[in-house]
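Notes for the one structure printed next.
What follows draws every value from the coordinates through simple rules; no lab data is involved. Everything numeric here is computed off the predicted structure, so don't read it as measured data. In this analysis, Cβ positions are derived from the backbone assuming ideal geometry, glycine residues included, and neighbour counts consider all displayed protein chains.
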Amino acid sequence: MYWVKHNPYISLLIGIIFSCTICFTLSGGNQEESHHEVFVKDGDTLWSLSDQYRGNTPKYEWISEVMVANKLETQMIHVGDTLVIPSSLEQIAPDYGVEVAGDSE
């Protein structure tokens, strides 16, 4: 108790660190995997949807994971279906823009 009374700032810092550690631990442990739902429109295929949502994930891996998440036995999807895309797979495809010959960074 003597040390705490003579080092109030260090005691406060230790208390804040301890509290933050407890908060982060409790909030991180209860997270459920979130997902995004995609409504299948005319002309949509898993291949075309992968171009929109897969980001840097390889196409075959993205399609396999979406098939597992939606309990699909084939890659056939139908207009009006709703597909669940796990948040771990949902990445907007990067827009690299247009590069002109001679441009350099």
For labels at Met76 and Ser27 in the simple 7 Å Cα→Cβ model, what's the distance in nm? 4.7 nm
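Using Cβ counts within 10 Å as a stand-in for footprinting exposure, how do Tyr2, Tyr53 rank, fewest first?
Tyr2, Tyr53
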Can you list the lysines whose alpha carbon is less than 28 Å from that of Lys41, not counting same-chain residues fewer than 8 positions off? Lys59, Lys71
